[in-house]
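The values are calculated or read from the model by the stated rules, or taken from the named source; none is laboratory data. The structure displayed is predicted, hence computed values, not measured ones. A quick note on method: Cβ atoms are made from the backbone with ideal geometry, for glycine too, and the neighbour counts reach across all protein chains shown.
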Amino acid sequence: MKILSEAEWNIMESLWEESPKVGSRIVADMGGRIGWSRSTTLTMLKRMTEKGLIFCEDNGQMKAYTPLIEREDAVKRETESFLQRVYHGSISMLVSGFVERKRLSPEELSELRQILDKAEEECHE
C-alpha cells in the first residue's frame, strides 16, 4: 500500500467516518472541511478510484464511494514511514522528542508505562 497524500487523507477521513457515501455528500464535506470546489473533489474521487484506494458504485443516478483501505492499515503505514523518514527508525528518538517538547499528563505517562510494560513482556515470551 502506498502512502496517502494529504488530499487523499481528507477524502479517506470522510469515507472512514461513513461509507458508502454518495459523491454529493463528499463534495459537501470537502467544501465544508477544507474549502474544495465540486470539481476538485470529483477529480480526487476519480483519481483515487483509478489508484484502487476507493471503490465507486455507479447506479446511473448517483455514485457511492467506499474505502478499499482500512484506517488502521493507513495509520500504521504512515507511522512507519514517518518513523523511518524523520527518526531513522528509532522509536526511542521519537518518544524522547515528544516528551522533551511537551509536558505529559499523568494519564499519558501511565499509558506510556503500560505500553512499555506490555512490550517488555512480549520480548520475554
Exercise for the section: Hey, can you tell me all the residues within region 29-46 that are out of contact with any helix residue (DSSP H, G or I) (no Cβ under 6 Å at 6 or more places or on another chain) and surrounded by 15 or more Cβ atoms within 10 Å (Cβ to Cβ)? Expected result: 40, 42, 45
Fill in the blank from the handout: All conditions in (1) touching a Leu at 6+ places or on another chain (Cβ under 8 Å); (2) over 23 Å from residue 6 (Cβ atoms); (3) of a type outside the set (Ser, Thr, Tyr); (4) surrounded by 11 or more Cβ atoms within 10 Å (Cβ to Cβ) are true of residue 94 except (2)
Exercise for the section: Would you confirm whether any residue within region 72-80 is surrounded by 13 or more Cβ atoms within 10 Å (Cβ to Cβ) and either outside the structural domain of residue 23 (by TED's automatic domain parsing) or outside any helix (DSSP H, G or I) (or both)? Expected result: no
